[in-house]
1. For the stretch 15-30, enumerate the residues that are in contact with a Ser or Thr (Cβ under 7 Å, 6 or more places away or on another chain), over 23 Å from S55 (Cβ atoms) and either among the β-branched types (V, I, T) or open to solvent by less than 80 Å² (accessible area, probe 1.4 Å) (or both).
2. Do the conditions hold for V61, that is, is it at pLDDT 95 or above, in contact with a Pro (Cβ under 9 Å, 6 or more places away or on another chain), among the aliphatic types (A, V, I, L, M) and part of a strand (DSSP E or B)?
3. For the stretch 69-90, which residues satisfy the criterion of being assigned to a loop (DSSP other than H, G, I, E, B), touching a residue at least 12 places away in the same chain (Cβ under 8 Å) and not β-branched (V, I, T)?
4. Assigned to a loop (DSSP other than H, G, I, E, B), over 29 Å from W188 (Cβ atoms), touching a residue at least 40 places away in the same chain (Cβ under 8 Å) and among the small types (G, A, S): does that describe G19?
5. Read through the list (1) on the phi < 0 side of the Ramachandran plot; (2) part of a loop (DSSP other than H, G, I, E, B), then give the number of the only condition that I42 fails.
6. In this structure, does T40 turn out to be modelled with pLDDT of 95 or more and farther than 20 Å from N103 by Cβ?
7. Can you work out which of the residues in the stretch 100-121 that are modelled with pLDDT under 95 and open to solvent by 30 Å² or more (accessible area, probe 1.4 Å) is farthest from H201 (Cα to Cα)?
8. What number of residues in the stretch 40-64 are closer than 12 Å to M29 by Cα and surrounded by fewer than 18 Cβ atoms within 10 Å (Cβ to Cβ)?
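The values are calculated or read from the model by the stated rules, or taken from the named source; none is laboratory data. In this text the structure is predicted, and so the values were computed from the model without any measurement. For neighbour counting, all protein chains shown are included, and Cβ atoms are generated from backbone atoms with ideal geometry for every residue, glycine included. SASA here: full protein model, heavy atoms, side chains in, ligands and nucleic acids out. Shrake-Rupley method; radii C 1.70, N 1.55, O 1.52, S 1.80 Å.
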Amino acid sequence: NGYRDHPEHYTDLLESKDGGETWTRRGSMSEPGQNLAQSTVIRLQGGQLMAFFRSRKERWVFTSYSYDDGRTWTKPLQTQIPNNNCGIAAVQLQSGAIALIFNNQRDDRFRWPLSIALSYDDGFTWPFIRDLEDDDEGHKLASCPRCVFGKKAEYSYPSVLQSKDGYIHVTYTYKRAFIKHVKIGEEWCKTGSTSGAFHGHDP
């Protein structure tokens with residue numbers, strides 16, 4: 001559907017058995033009218049699938065679960081994680097933690113800060129959140145919220161994975177100028193803080 005046809009957006013899970021040459025629909029994850037799109041899916045240690053959704057309308061990340069390998073999904077529910085109609089990305093780490101990359105912001109005019117959050121109980125609580133990118137306070141009040149030195153102060157559309165050596169790799173749009181790659185450790189995520197809307201739960 002068209003980019004601005006938000007009420008008509010929906011999410012399906014597709015599968016390929018030939019290396020991506022062909023795809024078939026496995027299950028419906030969200031329906032038209034729910035305004036949920038661009039899901040990121042992980043497999044929890046118990047075997048079930050967990051999806052995180054970008055919301056086109058609400059100001060929160062939504063989640064849903066599948067207990068039959070993606071054929072059917074639970075009703076998407078709102079989490080405590082902010083979402084300002086921006087893309088998100090998640091990965092299950094070797095430690096069992098979930099790492100979620102998101103814009104820690106409810107105002108859809110802004111796409112900063114870009115933060116990483118860690119959960120050690122399958123997404124019920126998020127005790128550690130640290131910013132990957134932010135901007136100086138002086139620029140946040142500019143008449144053009146996303147413009148910094150002629151560039152958009154935007155950190156968005158993240159992707160995340162963990163390499164065999166344990167490092168977490170995150171790529172994202174950097175001020176609409178280029179793609180940036182950062183390499184961080186899990187412990188690094190526990191030692192910082194965020195200037196965003198959600199500061200996490202007590203460890």
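1. Answer for the stretch 15-30, where residues must be in contact with a Ser or Thr (Cβ under 7 Å, 6 or more places away or on another chain), over 23 Å from S55 (Cβ atoms) and either among the β-branched types (V, I, T) or open to solvent by less than 80 Å² (accessible area, probe 1.4 Å) (or both): E15, S16, T22.
2. Values: at pLDDT 95 or above: yes; in contact with a Pro (Cβ under 9 Å, 6 or more places away or on another chain): yes; among the aliphatic types (A, V, I, L, M): yes; part of a strand (DSSP E or B): yes.
In short, yes.
3. Across the stretch 69-90, the qualifying residues are D69, G70, R71, W73, P76, N83, N84, N85, C86, G87.
4. no
5. (2)
6. Numbers: modelled with pLDDT of 95 or more: yes; farther than 20 Å from N103 by Cβ: no.
Considered against the rule, which asks whether it is modelled with pLDDT of 95 or more and farther than 20 Å from N103 by Cβ, T40 comes out as no.
7. Among residues in the stretch 100-121 that are modelled with pLDDT under 95 and open to solvent by 30 Å² or more (accessible area, probe 1.4 Å), the one farthest from H201 (Cα to Cα) is R109.
8. Of the residues in the stretch 40-64, 1 are closer than 12 Å to M29 by Cα and surrounded by fewer than 18 Cβ atoms within 10 Å (Cβ to Cβ).
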